[in-house]
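The next block holds one structure in the form of structure tokens; read it before the comments.
The values are calculated or read from the model by the stated rules, or taken from the named source; none is laboratory data. This one's a predicted model, so the numbers in the text were calculated from it and none came from an experiment. When we count neighbours, we look across all protein chains shown, and the Cβ atoms used for this are built from the backbone with ideal geometry, even at glycine. The area values use the complete protein model at the heavy-atom level, side chains included, leaving out ligands, DNA and RNA. Shrake-Rupley method; radii C 1.70, N 1.55, O 1.52, S 1.80 Å.
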Amino acid sequence: MFNLLITNVDDHLQNLGFLQLSNAQWRLTPAFDLNPFPDKDRESKTWLSADVGPVMGLAPLMAHCAYFSLTPTLALAALADVAKSVSDWRTVARHATVGLHSHELDDFAPAFEHEQMDAARKLLG
């Protein structure tokens, strides 16, 4: 979902990781290696399936949540978590670990503030 809510030009399946919780239990890692580029057209390199093609919007992704063993309720909860994280991007960007200055934020806005974020807000009510 991060790839839809951030204009990430580095979305590919090698950007997925797993953490081992026990001998037989694994979970996805938190998001990493996200590269927001505000001046790039939104383009997805990750395909949902051969029938659906690349993930280009939230609607097809949510419609196929069962493919990821998620109920619609769990998929919406995941979307809410991601949308909340992304919506706070300006605060994170100004933090000392990132180091953007306030006058630089508008240059990055198109990577985070766009139609897919609007769609997420609409889905979440």
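On the basis of being modelled with pLDDT under 90, out of contact with any helix residue (DSSP H, G or I) (no Cβ under 9 Å at 6 or more places or on another chain) and over 18 Å from GLU115 (Cβ atoms), does ALA50 make the cut? Spelling it out, ALA50 is indeed modelled with pLDDT under 90, out of contact with any helix residue (DSSP H, G or I) (no Cβ under 9 Å at 6 or more places or on another chain) and over 18 Å from GLU115 (Cβ atoms). Of everything in region 16-42 that's modelled with pLDDT under 70 and surrounded by 12 or more Cβ atoms within 10 Å (Cβ to Cβ), which residue is farthest from HIS64 (Cα to Cα)? Among them, the one singled out is LYS40. The residues listed here are THR97, THR73; of these, the one that is in a helix (DSSP H, G or I) and surrounded by fewer than 11 Cβ atoms within 10 Å (Cβ to Cβ) is THR73. Contact annotation: residue pairs with Cβ atoms under 9 Å, 6 or more positions apart or on different chains, pairing a residue in region 26-39 that is assigned to a strand (DSSP E or B) with a partner that is exposed (fewer than 10 other Cβ atoms within 10 Å of the Cβ), are TRP26/PHE18; TRP26/GLN20; ARG27/PHE18; ARG27/GLN20; ARG27/LEU21; LEU28/PHE18. Within the set PRO110, PRO54, the sole residue that is open to solvent by less than 70 Å² (accessible area, probe 1.4 Å), in contact with an Asp or Glu (Cβ under 9 Å, 6 or more places away or on another chain) and touching a residue at least 60 places away in the same chain (Cβ under 8 Å) turns out to be PRO110.
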